[in-house]
Amino acid sequence: MSRILELDSVTMQFGGVVAVNDLSMHVDEGEIVALIGPNGAGKTTAFNCITGVYEPTNGAILYKGNAIIQNHPSGKMKRLYAGLEPDKFSSSKVLNPTPDKITKLGIARTFQNIRLFRSMTVFDNVLTAMHMRMNAGIFSDVFRISHAEEARMREETEVLLRRQSLWELRDELATSLPYGKQRRLEIARALATKPQLLLLDEPAAGMNPQETQELASFIHEIKDEYSLTVLMIEHHMDLVMRISDRIYVLDFGSLIAEGTPKEVQSDQRVIDAYLGVAENV
Amino acid sequence: MDREKRNHFIRLFVAIAAVYGIVLVLEMTLRPTNMLFTVLKKGAIYSLVAVSVNLLNGFTGLFSLGQAGFMLVGAYTYAILTMPVAVKASDRVYRYYDCIVGFDTGVFVGLIAAGLAAALFAFLIGLPVLRLKSDYLAIATLGFAEIIRAVFQWDVLGPLTNGANLLREFKDLSRITFPFTDIPVPQTFFVFTVCGICILLIVLLINSSYGRAFKAIRDDEVAAEAMGINLFVHKELSFVISSFFAGVSGALLAMFQYTVQAQQFRSMLTYEILLIVVIGGIGSISGSCIASFLYIALSEWWLRGLDMGTFLGIHAENIFRSGFRRLVFSVIIMVIVLFFSRGLMGDKELSWARTSAWLRRTFRKREAV
Ligand SMILES: Nc1ncnc2c1ncn2[C@@H]1O[C@H](COP(=O)(O)OP(=O)(O)OP(=O)(O)O)[C@@H](O)[C@H]1O
Ligand SMILES: [Mg+2]
């Protein structure tokens with residue numbers, strides 16, 4: 001199995017707050033990996049670093065072995081990367097791509113506080129996410145010269161929505177959907193960008209137990225169907241323990257444990273970290 | 001579904017054809033000095049600017065205050081290009097300068113060039129400004145519009161812009177003829193055709209994949225970016241296209257007014273357009289058009305009497321005198337803004353179903369009373 005994502009001592013500081021502290025982790029192709037931790041642990045911030053929303057204060061992020069984000073002001077390298085030419089990864093080089101570039105590489109995400117396109121229907125939300133893969137320029141698009149491509153995008157949207165059982169709701173305003181459906185729609189929208197790595201930020205938040213159950217099998221299904229790798233942040237421990245291959249535990253920005261669900265569950269530091277938020281466990 | 005869509009298009013086509021037919025008939029029957037034509041021409045030109053502002057403000061979520069500046073660029077470009085060489089060489093227009101433009105072009109080329117010139121300016125301004133958060137865009141474009149107005153009156157540019165003096169005798173509305181003939185083009189019909197085509201292009205854009213990307217940016221920049229939409233590229237596209245049409249409408253305004261002077265394109269003009277967009281409904285194309293015609297009709301025609309001593313048959317020379325019109329006009333606008341806080345149309349478009357539903361509702365209310 002090959003590394004699809006690797007974080008190398010990523011640090012993200014906001015003024016005095018160290019939201020993510022020297023975080024190193026990796027995700028292999030085909031895995032479902034969970035990132036857990038108490039509120040404010042820095043999980044979402046880690047996602048924002050990976051997707052280019054924030055520029056890490058320090059550290060590097062590699063996608064399929066290539067550095068996509070890199071910021072080493074200190075010039076100190078923690079580790080050497082196997083199979084990487086030195087100049088591709090020299091300490092002087094700063095990479096800071098915008099989020100759309102990251103998405104184009106094949107990393108898609110959902111948001112903790114759902115961010116659907118408010119004014120659009122369910123259908124248009126997904127259709128809009130296909131725009132990125134459009135080959136036609138603005139002229140052939142406006143004059144409908146590229147209508148075959150538009151038709152293809154609409155077909156793909158239909159397939160995705162049917163797959164997510166959202167087809168009946170296609171003409172509804174996205175924000176008028178119930179919470180659980182909105183989360184589903186966000187996943188559908190992310191899938192529309194044809195990702196290889198899917199980042200889910202608390203996909204089960206606000207879902208009832210039954211919906212959470214369905215979500216678990218759903219994540220497994222889409223993983224196989226679209227040959228995805230999934231990295232997810234989640235508070236529902238039963239969900240996390242059931243579907244993830246490996247788990248990383250963050251507390252106050254630092255990694256305190258990693259391993260299989262079994263290993264993590266019995267880790268004393270994890271139990272301590274969660275004592276204050278026992279209701280989540 | 002498809003049938004419904006086709007019927008919709010047929011109805012739309014018939015309605016638009018009817019409008020153009022009526023304009024043509026009116027132009028052949030009424031006297032050309034009729035106030036109605038002033039309102040129709042200016043209303044159509046304002047519709048185009050308002051829709052171009054709406055593309056930017058309403059559909060891409062970018063707040064720009066530079067529309068008057070881009071109109072000015074378009075107006076000057078058009079006037080300078082289409083002024084016949086003989087006029088340029090004489091000192092009827094360029095009295096204090098020797099015009100350096102040694103050629104002239106036709107109306108069509110002039111209009112396109114007007115749009116392109118405005119688009120070029122927009123492209124250059126957009127490069128630094130659109131990378132910033134959008135609040136800066138308002139300030140930067142407002143500043144640009146003021147600077148451009150000053151620059152166009154600058155003495156050094158006199159051989160090109162005629163300095164602070166008027167430009168006239170270019171191909172204005174009274175001088176356009178059908179190609180290869182001397183038959184004059186019906187003026188209002190011409191303005192309607194140009195504006196109609198431009199607005200149609202904007203509507204096509206809004207309903208295209210790029211248009212959806214614009215709306216995504218308006219709805220949520222972070223989510224749009226996460227869906228692979230390059231914010232800068234798409235904002236720049238929207239800004240440049242909006243400015244292109246502002247340039248064309250500036251050229252049309254020059255044709256309508258027969259003269260061009262930088263003074264006509266103050267920021268007041270931008271605010272006027274913005275007001276029209278707000279009254280019509282931010283995000284509604286038909287709203288912008290309806291509001292443009294209403295606005296022009298009110299300010300140029302229906303309320304005229306308030307300044308002239310007689311209004312609706314009432315003579316009151318000491319109340320209805322110069323300045324009173326502005327007062328009434330402001331009150332009307334405030335009432336509209338109060339009662340239609342989202343504009344006349346909200347973000348909806350005018351449609352047959354909606355109009356008939358509205359008529360039915362009002363009719364039923366009357367019956368109940
Ligand atoms: N843009 C920002 N500016 C300043 N501080 C921030 C910013 N984003 C996050 N933080 C801080 O970083 C810390 C980690 O926040 P983050 O949202 O990553 O936590 P989280 O693990 O996702 O928590 P939760 O489970 O509540 O979602 C918090 O203390 C937060 O206040
Ligand atoms: Mg979070």
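The values are calculated or read from the model by the stated rules, or taken from the named source; none is laboratory data. Bear in mind the structure is a predicted one, so any value in this text is a computation, not a measurement. Quick reminder, even Gly has a Cβ in these numbers, built from the backbone with ideal geometry, and neighbours come from all protein chains shown. Please note that ligands, DNA and RNA were not included when accessible areas were found on the heavy atoms of the full protein model with its side chains. Shrake-Rupley method; radii C 1.70, N 1.55, O 1.52, S 1.80 Å.
Values computed for the structure shown
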read-out	value
Sorted largest first, extent of the protein assembly as shown alpha carbons per principal axis (Å)	92, 69, 51
Among A:Leu198, A:Leu255, A:Leu173: highest mean-square fluctuation, GNM of chain A, C-alpha pairs under 10 Å	A:Leu173
Accessible surface, per residue, of chain B when the full set of protein chains is kept, probe 1.4 Å, Å²	49
Over chain A, relative contact order from alpha-carbon pairs under 8 Å, at least 6 apart, %	25
Chain A: C-alpha gyration tensor shape, a/c 1.5 cut-off, then a/b vs b/c	oblate
FRET efficiency, A:Asn113 to B:Ala86 (Cβ-Cβ, R0 60 Å, nearest 0.05)	0.35
Using a Förster distance of 51 Å, the FRET efficiency for B:Thr355-A:Gln268 (Cβ separation, nearest 0.05)	0.10
Euclidean distance of C-alpha centroids, the stretch A:161-203 and the stretch B:210-247, integer Å	22
Theoretical gain in end-to-end length, B:Thr29 to B:Arg95 [0.36 nm per residue, Cα-Cα removed]	19.7 nm
Among B:Ser209, B:Ile22, B:Ser249 the positive-end extreme of the charge dipole of chain B (Cβ point charges)	B:Ile22
Relative contact order %, chain B, counting alpha carbon pairs below 8 Å whose residues are six or more apart	27
Radius 13 Å from Cβ of A:Ser140, net charge of other residues (Lys, Arg +1; Asp, Glu -1)	-2
Heavy-atom accessible area per residue - chain A, 1.4 Å, Å²	44
Rel. contact order, % - alpha carbon contacts under 8 angstrom, at least six apart, the stretch A:115-194	53
Rg over Rh, two decimals, the stretch A:170-244 (C-alpha only, Kirkwood Rh)	0.95
Hull-based mean projected area of the stretch B:202-255, where the convex hull spans the alpha carbons, in square nanometres	3.9
Estimated dipole of the protein assembly as shown in Debye, rounded to 20 [Cβ of Lys and Arg +1, of Asp and Glu -1, Cα centre]	2160
Protein-protein interface of the stretch A:143-160, residues with accessible area decrease of at least 50 Å², isolated chain reference, 1.4 Å probe	A:Arg144
Selection from A:His26, A:Ala129, A:Leu200, by position along the positive dipole direction of chain A (Cβ)	A:Ala129
Gaussian network model of chain B, Cα within-10 Å springs - most flexible of B:Ser208, B:Ser47, B:Ser286	B:Ser208
Delta accessible area of at least 20 Å² on complex formation, residues of the stretch A:106-125, 1.4 Å probe, chain isolated as reference	A:Arg109, A:Phe111, A:Arg115, A:Phe117, A:Arg118, A:Ser119, A:Met120
Residues with amide H under 5 Å from that of A:Thr11, placed H, sequence gap 5 or more	A:Asp22, A:Leu23, A:Thr57, A:Asn58, A:Gly59
Considering only the protein assembly as shown, percent of DSSP beta bridges that pair antiparallel, nearest 5	65
Size of the A/B contact, given as accessible area buried on both chains, probe 1.4 Å, in Å²	2500
Size of electric dipole in the stretch B:1-136: Cβ of Lys, Arg +1 and of Asp, Glu -1, about Cα centre, debye, nearest 20	280
For B:206-218, mean number of other protein chain Cβ atoms within 10 Å	6
Heavy atoms of B:Leu327: accessible area, 1.4 Å probe, square angstrom to 10	100
Net lengthening on full extension, B:Phe178/B:Phe9 (0.36 nm per residue, minus Cα-Cα)	57.8 nm
Accessible-area composition of the protein assembly as shown, carbon plus sulfur, in percent [1.4 Å probe]	62
Gyration tensor over alpha-carbon atoms, the stretch A:110-265, equivalent ellipsoid semi-axes in Å	32, 17, 14
Histogram of C-alpha separations across the stretch B:62-165, 10 Å bin width, %	16, 40, 30, 12, 3
At R0 = 35 Å, FRET efficiency that the Cβ-Cβ distance of A:Ala151 and B:Val222 yields, to 0.05	0.75
Part-to-part distance (alpha-carbon centres) for the stretch A:16-53 and the stretch B:48-68, which is given in Å	40
Three principal axis lengths of chain B [C-alpha, angstrom, descending]	71, 63, 46
Cα centre as origin, Lys/Arg/Asp/Glu Cβ charges: the stretch A:192-231 dipole, Debye	160
Choice from B:Phe121, B:Phe70, B:Phe245 with maximal GNM fluctuation in chain B (Cα, 10 Å cutoff)	B:Phe121
